[in-house]
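Everything on this sheet refers to the single structure shown next.
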Amino acid sequence: MTPAVLGTLYYVSEWAVRLVMLVYVPQRRSSAASRTWLLLIFLLPWPGLAAYAVFGRIRVPRLRRERQTRASEAIRRAEAKYLAERSALGAVPPPYLAASTLAFETGDFVPFAGNRVELLDEYAASIARLIADIDAARHHAHLLFYIFEDDPTGRSVADALSRASKRGVACRLLIDAVGGEGGLAGLAPRMRADGIDVRAMLPVGLFRRSAGRFDLRNHRKIVVLDGLVGYTGSQNIVDAEFVAGYPNEELMARITGPVVAQLEAVFLTDWALETDQRLDVRELAANVTVAGTASAQVLPSGPGYPSENTR
């Protein structure tokens, strides 16, 4: 073929890529993400297509997807049995009913009544409150964090877990393999020596059967203590000024009541995904009681779900 013919074919192929991706990219994707990808593809069709093939869609190993599906089925069965035994279904005001129903359809959990939710917006005080609750734990302490750094904040929480483990509390800790790399390298060996079961979430590697993609991380921040006290929100286990000059301001919720069992179920799902160990949420949350008047509902999301739930 002559250079002119090859140039024409390449030009046609670029427009074919643009037109096909104009239809394909927006499917099950936010408008902001669609615009970004389409801009790249329209400017650089073939390089953009190659980048999209690698990073454009959320893909995790089939084993993880299958485990997530089994976990969702188990959660719905346990939840139905729990509701049949107790009057725990929470009331949802009419303006929010559609959102609550969608949250259940995508994330498996219905609203539970009888909760107390306390918002913690002071960084150091939130960590201190968490440490105090770990020091009060008697049965188990489950923590899951995207970042768990080897710094004064991380070491103070690690010390609390070590104290708990030494008095017989079953301590399990999940840390994202990328976000928590520092804590996994610096703190995990000492914590494991003290009897704390520390695992990396979504480990990356070419030869790992259940490895996660480097850009698909577990950003959850969850704590469940004795099945009675739960924490969730935006705060990681790291010094507020871990980026010099940019102190973090975060918001955490300290929760008591039946919805703590939902947080426990999310933790145990991730625990099973990483370890293939199945723990009984009904046994761990057996002592959950009414603690307040708030209705609450957990909405989990992540690469194991078929849709972007929190959107």
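Numerical summary
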item	result
Any pair with Cβ under 7 angstrom, 6 or more apart, that starts in region 94-114 at a residue that is in contact (Cβ under 8 Å) with a residue 40 or more places away in the chain and assigned to a loop (DSSP other than H, G, I, E, B) and ends at one that is among the β-branched types (V, I, T) and surrounded by 13 or more Cβ atoms within 10 Å (Cβ to Cβ)	D108/I75; F109/V298; P111/V92
Which listed residue is over 20 Å from V117 (Cα atoms) and modelled with pLDDT of 95 or more, from I255, I237	I237
Test: G154 is touching a Phe, Trp or Tyr at 6+ places or on another chain (Cβ under 8 Å), touching a residue at least 24 places away in the same chain (Cβ under 8 Å) and part of a loop (DSSP other than H, G, I, E, B)	no
R77 being among the charged types (D, E, K, R) and either closer than 20 Å to D270 by Cβ or without any contact (Cβ under 8 Å) to a residue 12 or more places away in the chain (or both)	yes
Count of region 256-273 residues which are closer than 22 Å to M201 by Cβ and β-branched (V, I, T)	3
Matching residues, region 220-239, being out of contact with any Gly (no Cβ under 6 Å at 6 or more places or on another chain), surrounded by 17 or more Cβ atoms within 10 Å (Cβ to Cβ) and either hydrophobic (A, V, I, L, M, F, W, C) or assigned to a loop (DSSP other than H, G, I, E, B) (or both)	R220, I222, V223, L225, D226, G227, L228, V229, Q235, N236, V238, D239
Which numbered condition A261 misses (of (1) at pLDDT 75 or above; (2) more than 15 Å from H142 (Cα to Cα))	(2)
Residue among T69, T36 that is open to solvent by 70 Å² or more (accessible area, probe 1.4 Å), outside any loop (DSSP other than H, G, I, E, B), farther than 30 Å from I255 by Cα and of a type in the set (S, T, N, Q)	T36
Criterion (touching an Asp or Glu at 6+ places or on another chain (Cβ under 7 Å) and open to solvent by less than 60 Å² (accessible area, probe 1.4 Å)) met by exactly one of P26, P45	P45
Tally of residues being under 16 Å from R116 (Cβ atoms) and not in a helix (DSSP H, G or I) across region 258-278	2
Within region 98-119, tally of residues that are touching a Lys or Arg at 6+ places or on another chain (Cβ under 8 Å) and at pLDDT below 90	1
Qualifying residue in region 123-139 (condition: closer than 19 Å to V224 by Cβ, modelled with pLDDT under 90 and assigned to a helix (DSSP H, G or I))	no
Which listed residue is of a type in the set (D, E, K, R), more than 26 Å from the chain's Cα centre (by Cα) and more than 21 Å from L216 (Cα to Cα), from E85, E73	E85
Qualifying residue in region 192-211 (condition: under 21 Å from the mean Cα position of the chain (by Cα), in a helix (DSSP H, G or I) and at pLDDT 95 or above)	no
Test: E149 is open to solvent by 30 Å² or more (accessible area, probe 1.4 Å) and either of a type in the set (A, V, I, L, M, F, W, C) or modelled with pLDDT under 90 (or both)	no
Top-ranked residue of region 6-23 - restricted to ones that are open to solvent by less than 70 Å² (accessible area, probe 1.4 Å) and over 30 Å from R311 (Cα atoms), ranked as farthest from the chain's Cα centre (by Cα)	G7
Region 166-184: number of residues that are open to solvent by 20 Å² or more (accessible area, probe 1.4 Å) and modelled with pLDDT of 95 or more	6
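The values are calculated or read from the model by the stated rules, or taken from the named source; none is laboratory data. What you are looking at is a predicted structure, and each value in this text was computed from that prediction instead of being measured. Using ideal geometry, Cβ is built from the backbone for each residue, glycine included, and neighbour counts are taken over all protein chains shown. In case anyone asks, the SASA skips ligands and DNA or RNA and just uses the protein heavy atoms, side chains included. Shrake-Rupley method; radii C 1.70, N 1.55, O 1.52, S 1.80 Å.
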